[in-house]
Amino acid sequence: MAGYGRASDGACVALAADEPPGDTSGMVETASPNDTDAPVVLTPLSAPRLLRRISLDLRGVLPELAELDAVEADPSLVDTYREQYLYDARFSERFVQLLEERFHTTVDEYLVFYEEYRLDDTDEYRWERSIGEEPLRLMAWIADNDLPWTDIVTVDYTLADDMLASIWPIEREDGEGWQVARYTDGRPGAGILATNGLWFRYYTTVANKNRARAAALSRLMLCEDYLNRPVSFASAPSLADEGATEEALKTDPYCLGCHSSLDPLAATLFGFWTANEYNRHELDSYHPERELLGEELMDVEMSWYGEPLAGLQELGAAVASDERFAWCTAETWAELLWRRTVDNDDWSTIDGFRQDYLADGTVRAVLRAVTDSEEYRAAGDGEVGRVIGRRQITPALMSSSLGELSGLAWTWDGYDQMDNDSWGYRQLGGGVDGVSVTTVQSTPSLTWLLVVRRWGFAVGQTMAPDLSGEEVRTKLAELAWRLHAVRIDDEELDRLVGLFEAVEAASDEATAWGTAITVLVRDPEFVSY
Amino acid sequence: MRRGVSRRGVLVGGLGTSLLGQLALAGETRRHNFLFVFAAGGWDPTYCFASKAGVSGIDTQSGAGVSSSGELSWVSHDDRPSVDDFFATWGDRCAIVNGMEVRSITHERCRRLLLTGRVDSGADDWGATLAHGSDTLLPYLVASGPAFTSQYTASVVRLGPAGQLVELLDGSCFSRSDAGLVAPGATVQELEGAFAAARVERFAATAGAGFERRWAEGYQQAIEQLDTVTTRADDLDLEIQTGGYVTLHARIKPALTCFEEGLSRCAMVQHDGLWDVGWDTHSGIDAQSEHFEDLFQNLGDLLDDLDTRFVDGASLLDQTTVVVVSEMGRTPGINGTGGKDHWTYTSAMLVGAGVAGGRVVGAFDDDLLGEGVDLASGETSDKGRALTSGVLGATLLAMGDRDPGDTDPLTAIMA
């Protein structure tokens, strides 16, 4: 492909080399994944819808009316607002939401139970989330403070809330919510690699010897997934007993393909190794006296892909200095914000994100680069269907986007009902449970719709009392604009007013407002972004 | 207090009788159903499916013996009377597949491989693939356990561990709120439902191409499903038992009803071992015996139930294949903590419709590796094919009249 032009409908079209370019303002160009000669059309989002997407992605809430008005009048203001959103007070909370989709630490069950900490039933959810969020909060802190992103594997502190401070050996700075904290059990500083939260989720067994943890580390930090490699014992020598297996891992070429690099990594994590993975006291504390145990048990020296390491702290530094860490950072955020898996066709674009990251060192540079990308700003790519032009709203975004606006927090007996699977609606609503569902749902389903509808009713009845006496038509148009970032046309508005009047006739004004809000929340323009 | 979906409590949708509703209501030609029973954590086949007593290097349960019925043989033990009872009763409907390899050793990937044949996330599992396009209202009902989807997400309907689907349908979800939420009245819900459905229809009519069109169509389909579920509220019993220890049989009952009513084609239920402690016995390997006893007690109850439900003159068992699987096997030898670790070779058991029962196909050799199998005869052979989870999947797809793709099915167990 050699250029771009504008199609008759205003969309951007990549042109073949011999075609003369027409109007090239605001064009986007992308490679077809299947046929490099075929033009791929990327339809850009309108400025208000783009602002809405950015606002939801970066701070989890809807743009203000004034912001929508402003970008409608001057689309170039989108980038100005994007910068504001990157530094919004809600950035950190949303950052954690996004990380949950990748790190899968916010699960409903661990190997130990809250009862073992003598907590009340109503503390179960808070206990679960405090543990799972620990590494995510640390990363969000580093992101929010524009610290080098490599700090996530090197700093000598963590973040803790009062729950963690009460159950783990932690000294926490004063204040509400999540605060900088330090473990007091002698663990070295290695950022999230030294957090209990990460290793509660990615546990090991006595026989596994931290290998599962090393594999998780590789997947999360390097985007290299050992577990994607097939393992067939048909190709292995006799593995009849533990001794034979351990020997094969060190001598057999088939095993060495993974274990020559995996086991030396696993050996660095033995301060977290437990003699009994179901014992809370074993899990809660780091064990400095076991740091060298891995080398002995596995008969392997600690190293990072051939580079000798002295322990966990050096492991963190090795991760940070590995070129793959930067690639993985770019890839991770492209996938989270594009809402799809990247592949080889994306590589040059990902490389651009990586370079932007390296030039700055903060994760905000990557977020800026991805949200600048043509794909991020597209409403679709025609028949190709590779670009996710409509991101489906997740339970987390349902909560955050309307929680502030409506004042609704759907809690029950200590649980956030939009953020748990045991009693609530996270998984049914298309969210990630971190175990059996590891990617967010991208297209509607019955249970997703049910959650959306019930959430809509809940939001409607929460907001309705504040709308009493408002001029109906004007207010509904304003609400549609705020919720959808699309100006409702007269015909749709007539229908909406008609619904309001019908419900009011059958019930009362408050119910009418609630119902109108419910249908606005169920609207395709609200539940996608 | 738990309850099923009732006409009184349920929301009333607005689309009228949809295509899906017509199909479901018309009692269309009965389908071949698939019920997946997933033993989570990794079972030890030597406790039930393949005797290796006396084989050097393979630790087996003391006191275990071999029982057989015709060509079917299994591992028997006084502690597991339900296993013997099950095979004595249902053995002629059972095919045991031994020596199947799931080519990973981590739970997460083994589950994906077992149920999709692939390690990456871009595949739909066997249940979703079989259910997709079945024109059923609740195509793949997941009572508990894993379900992996890529294109066929809309096929999967999760009940939720606490029965959340029913709560969402009948509005009792609002009672689980500290905010004092209440369900709107039926008239209001009817107005709201009709408005929302019409709005989505207008949106879909103008949706762009590619992903947006797929998404809009998916939204329309979900609305149709909801509308039909609402319309059929009186017929549906999706209530599940919650609180305390819930047996596998109790957990899967709503799916059986849905099979009976022609509302689902596939269902999944997870078995977490006796007292839900899981099958992942890295220590205390003899817990496998208790887990198998509990599993087979439940399977016996399940098959009794299927056999006494009749649809169009045939028992539900004659219309349902029960697929009993676990994501991995366990090592030949006992480890230092008295358990066994992960092993890529495992077993599977198929029971019921479409299954050539009364036989064991495949085998473990004396290193507990799978032997090659002639897919047509089921005989082990040096020149035979390796049994993998992909072969199992191709077999299920072939049984269910779906394209098995490039992988040959194990026709030896297909009736």
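The values are calculated or read from the model by the stated rules, or taken from the named source; none is laboratory data. Predicted model, so just to flag it, every value in this text is computed and none were measured. Every residue, glycine as well, gets a Cβ built from its backbone with ideal geometry; the counts of neighbours run over all protein chains shown. These accessible areas exclude ligands, DNA and RNA; they are computed on the full protein's heavy atoms, side chains included. Shrake-Rupley method; radii C 1.70, N 1.55, O 1.52, S 1.80 Å.
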Report, in degrees rounded to the nearest 10, the 0 to 90 angle that the Cα long axis of helix A:253-267 makes with the longest principal axis of chain A.
90
With a ≥ b ≥ c from the Cα gyration tensor eigenvalues, square-rooted, and the rule rounded for a/c under 1.5, otherwise prolate when a/b > b/c and oblate otherwise, chain A is oblate
Output the 0 to 90 degree angle, nearest 10, between the alpha-carbon long axis of helix B:81-90 and the longest principal axis computed from the alpha carbons of chain B.
70
Sorted list, accessible surface of protein heavy atoms, 1.4 Å probe, largest first, for B:VAL75, B:VAL182 is B:VAL182, B:VAL75
Percent of beta bridges antiparallel (DSSP, chain B, rounded to nearest 5):
55
Accessible area, probe 1.4 Å, largest first, for residues B:ASP294, B:ASP120:
B:ASP120, B:ASP294
Taking every DSSP beta bridge that has both residues in segment B:38-174, what percent is antiparallel when rounded to the nearest 5?
60
Computed [θ] at 222 nm, deg cm²/dmol, the protein assembly as shown (DSSP H ≥ 4; -39,500 (n - 2.57); rounded to nearest 500)
-12500 deg cm²/dmol
Could you give the angle, 0 to 90 degrees to the nearest 10, between helix A:77-86's Cα long axis and the longest principal axis of the Cα atoms of chain A?
40
Filtered trypsin sites (Lys or Arg not before Pro), segment B:340-415: DSSP coil and at most 10 other beta carbons within 10 Å:
B:LYS383
Using the heavy atoms of the protein chains and a 1.4 angstrom probe, tell me the accessible area per residue for chain A in square angstrom.
37
Using the charge dipole of the protein assembly as shown (Lys, Arg: +1 at Cβ; Asp, Glu: -1 at Cβ; taken about the Cα centre), state which of B:GLY358, A:ASN279, B:GLY370 has its Cα farthest towards the positive end.
B:GLY358
In debye to the nearest 20, how big a dipole does segment A:439-529 give about its Cα centre with +1 on each Lys and Arg Cβ and -1 on each Asp and Glu Cβ?
520
Set Lys and Arg Cβ to +1 and Asp and Glu Cβ to -1, take the dipole of the protein assembly as shown about its Cα centre, and tell me which of B:TYR345, A:LEU428, A:VAL519 lies farthest positive.
A:VAL519
So, taking all protein chains as they sit and a 1.4 Å probe, how much accessible area belongs to A:THR511, in Å² rounded to tens?
40
Under a crude label model (7 Å from the Cα following the beta-carbon direction), how far is B:THR247 from A:ASP156 in nanometres?
5.9
Projected onto the charge dipole of segment A:279-376 (+1 at Lys/Arg Cβ, -1 at Asp/Glu Cβ, origin at the Cα centre), which of A:TYR357, A:GLN313, A:LEU292 gives the Cα projection farthest towards the positive end?
A:TYR357
Across peptide A:406-415, what mean number of C-beta atoms from other chains lies inside 10 Å of a residue's C-beta?
3
May I ask you to list the trypsin sites (Lys or Arg not before Pro) in segment A:64-142 that are in a DSSP loop and have at most 16 other Cβ atoms within 10 Å of their Cβ?
A:ARG90, A:ARG118
Ignoring ligands, DNA and RNA, what percent of the accessible area of chain B is carbon or sulfur (1.4 Å)?
46
Please give the solvent-accessible surface of A:LEU58 in Å², to the nearest 10, using a probe radius of 1.4 Å with every protein chain present.
0
Magnitude of the charge dipole, chain B, Cβ model with Lys/Arg +1 and Asp/Glu -1, debye to 20:
1080
Which percent of Cα pairs goes in each bin when the distances of segment B:275-415 are cut into 10 angstrom slices starting at zero?
11, 33, 34, 20, 3, 0
Nearest 20 debye, what's the magnitude of the dipole of chain A about its Cα centre given +1 on Lys and Arg Cβ and -1 on Asp and Glu Cβ?
440
Can you list which of the trypsin sites (Lys or Arg not before Pro) found in segment B:56-128 are DSSP loop residues with at most 11 other C-beta atoms within 10 Å?
none
Counting only DSSP beta bridges with both residues in the protein assembly as shown, tell me the antiparallel percent, nearest 5.
65
